[in-house]
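The values are calculated or read from the model by the stated rules, or taken from the named source; none is laboratory data. It should be emphasised that the depicted structure is a prediction, and the values quoted were computed from it without experimental measurement. Here the Cβ positions follow ideal geometry from the backbone for every residue, glycine too, while neighbour counts run over all protein chains shown. Please note that ligands, DNA and RNA were not included when accessible areas were found on the heavy atoms of the full protein model with its side chains. Shrake-Rupley method; radii C 1.70, N 1.55, O 1.52, S 1.80 Å.
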Amino acid sequence: MGKKLGVVIVGVNGAVASTVIAGVELMVRGLVPRVGMLTEPGNPAPGEQILDHLSFTALEDIVFGGWDLQFSDVYAATKHHGVLPDAQLDQVKDKLQAIKPWPAVFSGEYAANAKGDNIVKVKNFREELAHIEKTITDFKKANNCETVVMVNLASTERYQELLDVHKTLAAFEKGLDENHSAIAPAMRYFYVANKLGVPYCNFAPSLTNIPALQEQANELRNPYCGMDGKTGQTLLKTALASMFRLRNLKVVGWYSVNFLGNNDGLVLDNPASNKTKVLSKAAVLDSIVGYRVENHQVHIHYYKPRGDAKEAWDNIDIGGFCGVPMQMKINFLCQDSILAAPLVLDMVRLVEVAKARGEKGIQRQLSIYFKSPYTGEGEKAEHDVFEQERMLMKWCREHADKK
């Protein structure tokens, strides 16, 4: 058996994660097309492409594991979420049933509406860290993995401010010893990823890019990226806002609303978690257009009948030549997990290359995948989707395979 790329997922039985895993198994067996990934051959897009410069681990050589609160295995999770048809899932049932979730590190204080009882039963944070570390090292050995990448696809944690315990690695480690309540589960996973040299991708809006973990990642030369995957409405917003800026059309107001009925929507029905997500989605507009859009509103609503089929409404008021008002309305009916899954695979493959090339710390070239791209202290994030594409392609050229 050749060397494998291991992917360990926080929230492995969630809608996005289970769709990623099922999708890979279906693609490997030739049952569905290999569509949506920039890192997969067959992309028909014209012009310069990532694959012109870099090659990546084949889908056949990616193995999955992870932690979750609920469901006995990934097959049961995919059946519950209903993103992919049962007829397709049943063709890869054996592979999906073989992936059973490891007990998760979880706190109801941080995700009040997330439910499940597959939680690691230990006495303190240090024992939780030891559990995370053991599951990763055992998985890596069992699957003959050359590299392991961690992806956070867990439910959105509640909003929290940056505190002293987050500001230095010494303070953070003291906080771990003291089971400090401000050290969220997502931070604990990231801490172990850095310790083991496992590249980390935060696809959730939960706070992890704190100075203490930046310090640790840089010291241990571990690459990471985040946060909050840019899949649907915000992707449209960054593209349209870039267009309005380019044509000097004044954005007078932008009203955005999301309806979703999956578990992510249920978690976001809690006001504390909702605030984390709304702030992440709202941050992009002013940065792109270069001024404050006073009438910018973002709303997220849990509506159970929608399931994973998210609906996003946007009403945009713009001022054109001579101040004449115009309006644009968009109704985006999308599959949340279907949009997210290929981005996860791209991120995993790209951050694996970053690790192999000796990169460390924030991977800014992956900003195109996030609503709130990670930055260092005093640095502004780049939100313009076209500039983000240039950043990614420049990095790919600089790190090109030697052919």
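Data overview
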{"quantity": "Estimated FRET transfer efficiency when R0 is 30 angstrom, pair A239-R357 (beta carbons, to 0.05)", "calculated": "0.55"}
{"quantity": "Label point 7 Å beyond Cα of E294 along Cβ direction - residues of region 232-253 with amide nitrogen under 18 Å", "calculated": "250-253"}
{"quantity": "Unsatisfied cross-links (Cα-Cα over 30 Å) in the set K121/K380; K195/K371; K134/K310; K115/K230; K250/K380; K237/K304", "calculated": "K121/K380; K134/K310"}
{"quantity": "Relative contact order, percent, region 98-236 [alpha-carbon distance under 8 Å, six or more residues apart]", "calculated": "25 percent"}
{"quantity": "Where only alpha carbons of region 100-213 are counted, the Rg and the Dmax (Å)", "calculated": "13.8, 40"}
{"quantity": "Highest-fluctuation residue, P305, P199, P101 considered, GNM on the chain with Cα pairs under 10 Å", "calculated": "P305"}
{"quantity": "Cα gyration tensor shape of region 147-192, rounded if a/c is under 1.5, else prolate or oblate by comparing a/b with b/c", "calculated": "oblate"}
{"quantity": "For the chain, built as a Gaussian network whose Cα springs stay under 10 Å, the top-fluctuating residue of C334, C201, C322", "calculated": "C322"}
{"quantity": "Inter-probe distance in nm under a simple model that places probes 7 Å from Cα toward Cβ, at K3 and V324", "calculated": "6.2 nm"}
{"quantity": "Peptides 338-350, 233-245, 137-149 ordered by average Cβ neighbours within 10 Å, highest first", "calculated": "338-350, 233-245, 137-149"}
{"quantity": "Nearest-ten-degree value, helix 385-398 long axis tilted from longest Cα axis of the chain", "calculated": "50 degrees"}
{"quantity": "Ranked by how many other beta carbons lie within 10 Å on average, peptides 286-292, 219-225 from highest", "calculated": "219-225, 286-292"}
{"quantity": "Length released on extending from A182 to N218, taking residue separation times 0.36 nm less the Cα-Cα span", "calculated": "10.7 nm"}
{"quantity": "Computed Kirkwood radius, in angstrom, where 1/r is averaged over Cα pairs of region 192-259", "calculated": "14.7 Å"}
{"quantity": "Shape category assigned to region 89-130 from the gyration tensor of Cα positions, a/c cut at 1.5", "calculated": "oblate"}
{"quantity": "Average accessible surface area per residue within the chain, 1.4 Å rolling probe, Å²", "calculated": "44 Å²"}
{"quantity": "Rounded percent of accessible protein surface that carbon and sulfur make up, the chain, 1.4 Å probe", "calculated": "54 percent"}
{"quantity": "Inter-probe distance in nm under a simple model that places probes 7 Å from Cα toward Cβ, at A381 and K79", "calculated": "3.8 nm"}
{"quantity": "Stokes-Einstein D in µm²/s, Kirkwood radius over Cα pairs - the chain at 20 °C with 1.002 mPa s viscosity", "calculated": "99 µm²/s"}
{"quantity": "Listed peptides 171-178, 34-41 by packing density, highest first (mean Cβ within 10 Å)", "calculated": "34-41, 171-178"}
{"quantity": "Shape category assigned to region 345-387 from the gyration tensor of Cα positions, a/c cut at 1.5", "calculated": "oblate"}
